[in-house]
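Beneath this line is the structure, given in structure tokens, with notes to follow.
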Amino acid sequence: PEPPEGGWGWVVMLAAMWCNGAVFGIQNSCGVLFVSMLRLFGSSEDKQLVFKTAWVSSLSMGMVFFCSPIVSIFTDLFGCRKVAVIGAAVGLVGLLSSSFVSTIEPLYFTYGILFACGCSFAYQPSLVILGHYFKKRLGLVNGIVTAGSSLFTVSLPFLLRVLIDSVDLYNTLRVLCILMFVLFLAGFTYKPLVPSTKDKEGGKKGKSKFPPAKKICNFSVFKVLSYRIWAFGIPAALFGYFVPYVHLMNHVKDRFGDSVPEEVLLLCLGITSGVGRLVFGRVADYIPGAKKIYLQVASFFFIGLMSMMIPLCHVFGALIAVCLFMGLFDGCFICIMAPIAFELVGAEDVSQAIGFLLGLMSVPMTVGPPIAGLLRDKLGTYDVAFYLAGVPPIIGGAILCFIPWIHERQKLKERAKHVDGETTEKMLENESTFVSDTTVKPVKELDSGL
């Protein structure tokens, strides 16, 4: 059916905005929780404390993306509402159980896996359901929805700091459960207007039945060379991407002590990330085809450069400037992922193309922060970790530079094949017409002779 462009869709938009804010607000504020975990579970005898603690946050963010291909399949099968509600319930259980642990190791499962998987299953349907209600206004609605994560990223670190100082980490996690409970309720607003794949298949057969495996998993997107380069180039760029979110707060404490409000840095990241999503998302509308990737190339270059600048900042004001630029280009990278996927694989395959990409992104985003923590444990400083974190984005951006050229060549080849096919088809039509004419003519002559 044609999207209604409003109505109940505005309620769905607000629910999806809350989902983006709750999921990524908590994930992006992990630096505050990380410092608190170091204090709570730390021991002067543990030489790998930072390394082990970093696994909690990085595993959590990685699992959000790792589950994406699976979530896209479940969403196609069972619909947005069921997947979102169950996901929020699982996330609530994971976060609540994290508030009862006494050592760091159980958090790998409760927070790093259970909570993160629930967030992943709640998050992806919030993007899919918007297409049920909006088409002409979808760009505007997506901008508002994704701005939710920036809004929460800006405000949540300050709230977490106040809560941790007043009621400790355990009770802070229980307060965050309120966000997940509201997310659970928000999932019920996702009234589907398009039937799920299972319902469609059941309608054809007269009963509920699972569709064939080929309809569930669509790996044909990897046949597109430009998509393959993009799907592996972006993960290559992201090995250092999540390092500042996890370790920046602790780096500031190492360098400046308690004399500066380190939460201001997350505030700067959140504000400019929201601005970047709105500005560069609009700019991308004016850049034709796959050339939009050049915006991602520029964003990776600046993200890598800003990461390398962090150890050089011996004044807190300089760190604020770095975070402002980093957030701006972080927003640029995120907001144009869907438009680029649409250009590379087309509208029919774009959902699972994004799902596969997010799944591949999970590996570097999980591995990067613990490696940075290991370097901090060994060297006593984060300087080398931040320098190295800036290298992958620059290399990955260089790889992406070739995609527009390759994509244009692919399109030219497809056009040439299409033209050749049409030419051959016309020749066959002309030949068949000629044969039919020569066959019919003697019959007419015979008729006239008779």
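Brief remarks follow.
- Counting only protein heavy atoms and using a 1.4 Å probe, the accessible area of Arg282 comes to about 130 Å².
- For segment 58-130, the average shadow cast by the Cα convex hull is 4.4 nm², which is a quarter of the hull's surface.
- Computed E for Glu414/Val175 - FRET, C-beta separation, R0 51 angstrom, nearest 0.05: 0.40
- Distance between modelled label sites at Phe219 and Ile395, nm, 7 Å Cα→Cβ extension: 2.7
- Per residue, segment 218-428 exposes an accessible area of 43 Å² to a 1.4 Å probe, with every protein chain left in place.
- Label-zone membership for segment 239-262, site Phe158, 7 angstrom Cα→C-beta point, backbone N under 14 Å: 261-262
- Relative pair counts by distance (%), Cα atoms of segment 1-193, 5 Å bins: 1, 8, 16, 20, 19, 13, 9, 6, 4, 2, 1, 0, 0
- Residue separation of Phe109 and Val93 scaled by 0.36 nm, minus their Cα-Cα distance, works out to 4.6 nm of gained length.
- Share of carbon and sulfur in the accessible heavy-atom surface of segment 1-193 [1.4 Å probe, %]: 72
- Once the mean of 1/r is taken over each pair of separate Cα atoms and inverted, segment 317-412 shows a Kirkwood hydrodynamic radius of 16.1 Å.
- Given a 1.4 Å probe and the protein chains as shown, Thr146 ends up with an accessible area of around 30 Å².
- When the listed pairs Lys135/Lys191; Lys82/Lys291; Lys135/Lys291; Lys135/Lys413; Lys136/Lys413; Lys253/Lys378 are checked against a 27 Å cut-off, the alpha-carbon distance exceeds it for Lys82/Lys291; Lys135/Lys413; Lys136/Lys413.
- Dipole size of segment 13-84 about its Cα centre, with +1 on Lys/Arg Cβ and -1 on Asp/Glu Cβ: approximately 100 debye, rounded to the nearest 20.
- Take Asp165: with every protein chain present and a 1.4 Å probe, its accessible area is about 100 Å².
- Part-to-part distance (alpha-carbon centres) for segment 61-124 and segment 235-281, which is given in Å: 24
The values are calculated or read from the model by the stated rules, or taken from the named source; none is laboratory data. Keep in mind that this is a model prediction, so the values were computed, not measured. Virtual Cβ from ideal backbone geometry, glycine too; neighbours counted across all protein chains shown. Quick note on the areas: whole protein, heavy atoms, side chains included, nothing else; ligands and nucleic acids left out. Shrake-Rupley method; radii C 1.70, N 1.55, O 1.52, S 1.80 Å.
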